[in-house]
Amino acid sequence: MRALRIELRTPPAAAVQRGWAAGLMALAIALAIVLVLGLAVWQGVRSLQLNRQLQQAAGKAQAARLQLDARHLPPPPSSPASAPPFTADALQLAQRAAFNAAHVLDAVEAVRVPGVQLLALDITAADRGARAELAFRDAAALDAYLDALNASDLPPRWRWSRLSTPASSTATPVAGAAGGGQATIEARAWVPEP
């Protein structure tokens with residue numbers, strides 16, 4: 001048998017230097033990655049802080065703007081009795097909307113009497129009533145028209161208001177009617193039945 005000869009050599013210096021260089025390079029890359037990630041996190045945190053400061057400044061600016069606007073607004077009304085100028089119109093509009101004029105129109109349109117012609121119809125929602133201007137040929141036709149309007153109402157809603165004939169220019173009660181002319185009839189407190 002032959003004897004084996006084993007030589008233990010130390011690695012050459014160039015190989016050791018390459019190993020150290022590769023290790024240092026890996027360490028430098030790892031440090032660069034950590035540094036980039038650290039900068040990204042720092043920028044994100046800084047951005048959040050700046051956004052929070054910006055929102056606080058915007059809130060303060062809005063509050064200051066509201067205070068300036070409040071200084072230029074007219075003072076509120078001193079008493080609750082003084083209502084805005086449109087209150088009366090709004091109330092009238094609400095009354096008109098709540099009043100069902102269809103019942104009045106149905107009653108007037110349903111009645112046809114020869115010798116009586118409807119000239120004008122004024123529906124007043126504020127007092128829940130109506131006024132009709134009529135032209136008539138004779139008093140009997142006018143009475144028949146009023147009776148036909150009140151046929152289904154107990155107590156009667158429609159009543160005479162005034163009468164004018166060609167012979168008299170002043171308004172007179174209907175009871176003294178003679179000949180043709182114009183008359184006004186009214187219905188007050190018109191409350192339609194359900």
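When the residues of the stretch 153-181 are filtered to those that are part of a strand (DSSP E or B) and either open to solvent by 90 Å² or more (accessible area, probe 1.4 Å) or within 24 Å of His103 (Cβ to Cβ) (or both), which remaining residue is modelled with the lowest pLDDT? Even if it seems obvious, please write down each step before you answer.
Initially, the stretch 153-181 is screened for residues part of a strand (DSSP E or B), giving 158-165, 168-172, 181.
Next, from what is left, pick out any that are either open to solvent by 90 Å² or more (accessible area, probe 1.4 Å) or within 24 Å of His103 (Cβ to Cβ) (or both): 158-162, 169.
Working: Trp158: 79, Arg159: 78, Trp160: 76, Ser161: 78, Arg162: 76, Ser169: 43.
For the stretch 153-181, the residue satisfying everything is Ser169.
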Which of the following residues is modelled with pLDDT under 85, more than 24 Å from the chain's Cα centre (by Cα) and basic (Lys, Arg): Arg128, Arg112?
Arg128
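Within the stretch 5-18, can one find any residue that is of a type in the set (Lys, Arg), over 30 Å from Ala125 (Cβ atoms), assigned to a loop (DSSP other than H, G, I, E, B) and at pLDDT 75 or above?
In the first step, residues of the stretch 5-18 are kept if they are of a type in the set (Lys, Arg); the result is 5, 9, 18.
Still in the running and over 30 Å from Ala125 (Cβ atoms): 5, 9, 18.
After this cut, where a residue has to be assigned to a loop (DSSP other than H, G, I, E, B) as well, the list is 5, 9.
Next, from what is left, pick out any that are at pLDDT 75 or above: 5.
Within the stretch 5-18, one or more residues are of a type in the set (Lys, Arg), over 30 Å from Ala125 (Cβ atoms), assigned to a loop (DSSP other than H, G, I, E, B) and at pLDDT 75 or above.
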The correct count of residues that are within 27 Å of Ala98 (Cβ to Cβ), open to solvent by less than 50 Å² (accessible area, probe 1.4 Å) and touching a residue at least 24 places away in the same chain (Cβ under 8 Å) in the stretch 117-152 is 5
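The values are calculated or read from the model by the stated rules, or taken from the named source; none is laboratory data. Treat the numbers as computed from the prediction; the structure is a model and nothing was measured. Positions of Cβ are generated from backbone atoms using ideal geometry, with glycine treated the same way; all protein chains shown enter the neighbour counts. In case anyone asks, the SASA skips ligands and DNA or RNA and just uses the protein heavy atoms, side chains included. Shrake-Rupley method; radii C 1.70, N 1.55, O 1.52, S 1.80 Å.
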